[in-house]
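Okay, so here's the structure we're looking at.
Every number here is computed from the coordinates shown, using simple stated rules; none is lab data. Since the structure is predicted, the reported quantities are computational estimates derived from the model, not experimental observations. No Cβ is skipped: glycine too gets one built from the backbone with ideal geometry, and neighbour counts run over all protein chains shown.
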Ligand code: G3P
Ligand code: MG
């Protein structure tokens, strides 16, 4: 893909198997493990602050309750986002996007920035998150790759940050993937690894796309995907895959 020096392995939500996902500790752990790029999920708090978080609700990965988008930053800041994973991570906070970008860029990592929002919230989330990212991401570093399941988020990204690469992210690859990828000006396609049969990967490569698969935690599977032409995989255990990535 033009201009993007993709690594073969991207740390999923940081290094989600060995540090709490989407936390500063997780991003630093990924850097320690030798990862070149990480992926994170960004959403908006109730008061429109972009924060790094995967789920719709707070319960699984914090000691809070309720929906993230209905919770103001002042409350999110009080939550513990590490103890659920391991008591050794107690005190880890749910990071703002600004804090995460500073840590990630500071560690010299590349970034896949996934805008996590439903269609109704996608435009707003992408617009606000990308304004923060534009301010904080060092201009002399390769820009983040912006991906989303939300079409409204991709359309907003194309409008507000047209020169940053966009990834068309789908759980199931639609019949008309080529048309959709073109519509949103995407240069990569990201999907579940089970969707990436070799013939389909070939067609995507012939269409000029970079192809990324998630979530790949097994070396044999990673090898097969790379062999089929997949450019990069998102992994919770990047250290495993890095031992065989060329
Ligand atoms: O961006 C790739 C992958 O993270 C998409 O799925 O649910 O882990 O955000 P999810
Ligand atoms: Mg994600």
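Can you bin region 150-246 into rounded, prolate or oblate? Criterion: square roots of the alpha carbon gyration tensor eigenvalues sorted a ≥ b ≥ c, rounded for a/c under 1.5, prolate for a/b above b/c, oblate for the rest. Provide the component values of the computation, followed by the final result.
Details: a/c = 2.21, a/b = 1.64, b/c = 1.35.
Since a/c reaches 1.5 and a/b is larger than b/c, the shape of region 150-246 is classed as prolate.
How much length is gained on full extension from residue 67 to residue 220, taking 0.36 nm per residue of separation minus their Cα-Cα distance?
Details: separation 153, 0.36 × 153 = 55.08 nm, distance 3.75 nm.
The span from residue 67 to residue 220 would gain 51.3 nm if fully extended.
Take every DSSP beta bridge with both residues inside region 14-125 and express the antiparallel ones as a percent of the total, to the nearest 5.
Values: 5 of 11 bridges.
DSSP beta bridges in region 14-125 are roughly 45 percent antiparallel.
At 0.36 nm per residue, minus the direct Cα-Cα distance, what do residue 98 and residue 206 gain on full extension? Give it in nm, one decimal, please.
On the way: separation 108, 0.36 × 108 = 38.88 nm, distance 3.69 nm.
Taking 0.36 nm per residue and subtracting the Cα distance, the gain is 35.2 nm.
What is the distance in Å between the Cα centroid of region 106-132 and that of region 179-223?
21 Å
I need 37, 226 ordered by Cβ neighbour count within 10 Å, fewest first.
Values: 37 23, 226 20.
In order of increasing Cβ crowding within 10 Å: 226, 37.
With the crude spin-label approximation of a point 7 Å out along Cα→Cβ, what separation in nm comes out for residue 176 versus residue 74?
4.7 nm
What fraction of the DSSP beta bridges in the chain is antiparallel, stated in percent and rounded to the nearest 5? Intermediate values should be presented prior to the final figure.
Values: 5 of 34 bridges.
If I count the DSSP bridges inside the chain, around 15 percent turn out antiparallel.
Restricting to DSSP H runs of at least four residues, report the calculated mean residue ellipticity at 222 nm for the chain, -39500 (n - 2.57) per run over all residues, nearest 500 deg cm²/dmol.
Details: 9 runs with 82 residues, N = 246.
-9500 deg cm²/dmol, from helical runs alone.
Using 7 Å Cα-to-Cβ label points, what is the residue 55/residue 119 separation (nm, one decimal)?
Modelled inter-label distance: 2.6 nm.
Relative to the present Cα-Cα distance, how much length would full extension add between residue 184 and residue 4 at 0.36 nm per residue of separation?
Working: separation 180, 0.36 × 180 = 64.80 nm, distance 1.76 nm.
Full extension of this stretch gives 63.0 nm more.
Looking at the chain as a GNM with Cα springs under 10 Å, which of 181, 38, 51 has the largest mean-square fluctuation?
For the chain, modelled as a Gaussian network with Cα springs under 10 Å, the answer is 181.
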